[in-house]
Amino acid sequence: MSQEVKKSGRLIRAPENFLAKDDVKSPALMRRKFLAASVSTAATSMAALGLAASTRSANAAVGAGDPNILNLPAHSTGLGMPVAANPYGMPSQYEKGLQRRESPGLTRVSAASVAFTPLQGTFGIITPSGLHFERHHQGWWDIDPSKHRLMVMGMVKNPKVYTMDDIMRLPSVSRIHFIECGANTAMEWGNVAVPTVQYSHGMISCSEFTGVPLSVLLDDCGIDRKNARFVLAEGADGSSMTRTIPLDRALDDVIVAYGMNGEMLRPENGYPLRLVVPGIQGVSWVKWLRRIEVGDQKWATKDEAIHYIDLMPDGMHRQYTGIQEAKSVITTPSGGQTLLDKGFYNISGLAWSGRGKVKRVDVSVDGGRNWRQARLEGPILTKAFTRFNIDWVWDGSPAVLQSRVQDETGYVQPKINQLRAVRGTRSIYHQNAIQSWKVAENGEVSNVQVY
Ligand code: MTE
């Protein structure tokens, strides 16, 4: 391993970090301080990299005198907190910065808005429930499950009304899937608009959902399989959210879900019942689900006739474009972060496809001229996040980091100019272009578009 690889780089996270506030203020100052202290940090990171014992012992000497080692802290000498002090566990107080956040000025009222998932601070493929993005058209409610009902009607022999208890006694499945709002990355169609990956890509989350396959309920009600073509899903909130779903999809992998990440859905995410429509844009994942109607024609409701349509360059609109095509993004290093020094970095990111599994992810550090294949971390599941990682040694010169996913259908994530050539610049939905992060000489990482 070269000298540079041995010296692990550190990075200021955005917006939360583990560094003292004073140090975060000035990356330049931090850099000077870092030079003095670098060897002790390097020792720890090198152990992680499995480097030579001789190097480690040389560096260990510099750690001598560290008050964090010499002075025994209260937590090593005193009695800790009792069990069940937090009957429902909470993250550490030091993780307070990691929150879903609303983009300032995005909407007029916060009840019809979106709070973005902090992708830069999550690991693996599961989004913690408290960080799952939220998108409401008319606010969220904490609905009493004992009063909630689901009606299944239309082209079925026996229309039925289910209580939550009825539904939770039926055979269930648990599956890990991403949910991405069709408007994720919408602000970047024309130009760079937002600074961090939280705002550029945070209208996406990935969870384990538990519930009853919709096919079980439709069969239970005696669906007219010969003539039925579509189902309509309707939510119980004031937004009259109604979405048409083709019957073949409804009978395939759609779930009427009450569970998320091992517990009941959170109210913001549709408690007590929501539709899970794997691979399809978030709007079809109707929350607070109260009605399923079976029919033989599309309904062309307001959320399919005037919203969630794609404006094409010729002025025409495309309707019913539900599938979220393959997309990927590097989550670290990413916009708003700062690399403090040259050396080793683990480039890490997420890839997904609404058409199945991720097959491969390539990463470029020179704006797309050269690509290297990233490691895909398991499990690689269909219509779910796949985590990728790749080693990188930053030599201190400007770099442009990009990731490009290919899914199991062979589809390759396009460049922004390829997407614009077909879709123009005035669309909102289904922006799945390759994302570029520029690393400047001073280590600051910013959002750029590279053609
Ligand atoms: N369902 C209802 N009933 N009302 C809504 O406002 N928003 C939709 C969808 N389902 C919505 C809804 C949209 S646009 C998205 S992207 C997803 O829910 C967001 O799901 P989440 O809030 O759990 O992230």
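The values are calculated or read from the model by the stated rules, or taken from the named source; none is laboratory data. Owing to the predicted nature of the structure, the values given are computational and were not obtained by experimental measurement. Every residue, glycine among them, receives a Cβ derived from its backbone with ideal geometry; neighbour counts consider all protein chains shown.
At-a-glance table
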quantity	calculated
Output for region 92-117, where each listed residue is among the small types (Gly, Ala, Ser), without any contact (Cβ under 8 Å) to a residue 40 or more places away in the chain and either more than 12 Å from the ligand (Cβ to nearest atom) or assigned to a loop (DSSP other than H, G, I, E, B) (or both)	SER92, GLY105, SER110, SER113
Selected residue [touching a Lys or Arg at 6+ places or on another chain (Cβ under 7 Å), at pLDDT 95 or above and aliphatic (A, V, I, L, M)] from VAL439, VAL422, VAL393, VAL400	VAL400
Cβ pairs under 7 Å, 6+ apart, first in region 138-156 and touching a residue at least 40 places away in the same chain (Cβ under 8 Å) and closer than 14 Å to PRO267 by Cα, second within 16 Å of the ligand (Cβ to nearest atom) and hydroxyl-bearing (Ser, Thr, Tyr)	GLN138/SER239; ASP142/TYR271; ILE143/TYR271
Residue satisfying condition, being at pLDDT 95 or above, at positive phi, over 18 Å from the mean Cα position of the chain (by Cα) and not hydroxyl-bearing (Ser, Thr, Tyr), within set GLY343, GLY295	GLY343
Helices (runs of 4 or more DSSP H) within region 44-91 that include 2 or more residues modelled with pLDDT of 90 or more	67-70, 74-77
In region 118-135, the residues that are surrounded by fewer than 19 Cβ atoms within 10 Å (Cβ to Cβ) and within 14 Å of the ligand (Cβ to nearest atom)	PRO128, SER129, GLY130
Test: residue in region 65-75 that is surrounded by 10 or more Cβ atoms within 10 Å (Cβ to Cβ), over 20 Å from GLU268 (Cβ atoms) and either in contact with a strand residue (DSSP E or B) (Cβ under 6 Å, 6 or more places away or on another chain) or free of Cβ contacts under 8 Å to residues at least 60 places away in the same chain (or both)	yes
Residue in region 182-190 that is surrounded by fewer than 18 Cβ atoms within 10 Å (Cβ to Cβ), of a type outside the set (Ser, Thr, Tyr) and within 16 Å of the ligand (Cβ to nearest atom) present	yes
Filter result for GLN324 (closer than 18 Å to SER205 by Cα and near the ligand (Cβ under 10 Å from one of its atoms))	no
Entirely in region 209-292, the strands (runs of 3 or more DSSP E) that have 1 or more residues that are more than 13 Å from the ligand (Cβ to nearest atom), in contact with a Ser or Thr (Cβ under 9 Å, 6 or more places away or on another chain) and of a type in the set (Gly, Ala, Ser)	255-260
Single residue of ASP224, ASP166, ASP237 found to be surrounded by fewer than 22 Cβ atoms within 10 Å (Cβ to Cβ) and either polar (S, T, N, Q) or without any contact (Cβ under 8 Å) to a residue 12 or more places away in the chain (or both)	ASP166
Flag for ARG318 being touching a strand residue (DSSP E or B) at 6+ places or on another chain (Cβ under 8 Å), without any contact (Cβ under 8 Å) to a residue 40 or more places away in the chain and surrounded by fewer than 24 Cβ atoms within 10 Å (Cβ to Cβ)	yes
Residue check, GLU377 among the acidic types (Asp, Glu), touching a Lys or Arg at 6+ places or on another chain (Cβ under 7 Å) and closer than 19 Å to SER348 by Cβ	yes
Test: residue in region 421-437 that is among the aromatic types (Phe, Trp, Tyr) and part of a loop (DSSP other than H, G, I, E, B)	yes
Residue in region 204-225 that is at pLDDT 95 or above and touching a Pro at 6+ places or on another chain (Cβ under 6 Å) present	no
Members of region 293-320 that are within 19 Å of ARG426 (Cα to Cα), of a type in the set (Gly, Ala, Ser) and in a loop (DSSP other than H, G, I, E, B)	GLY315
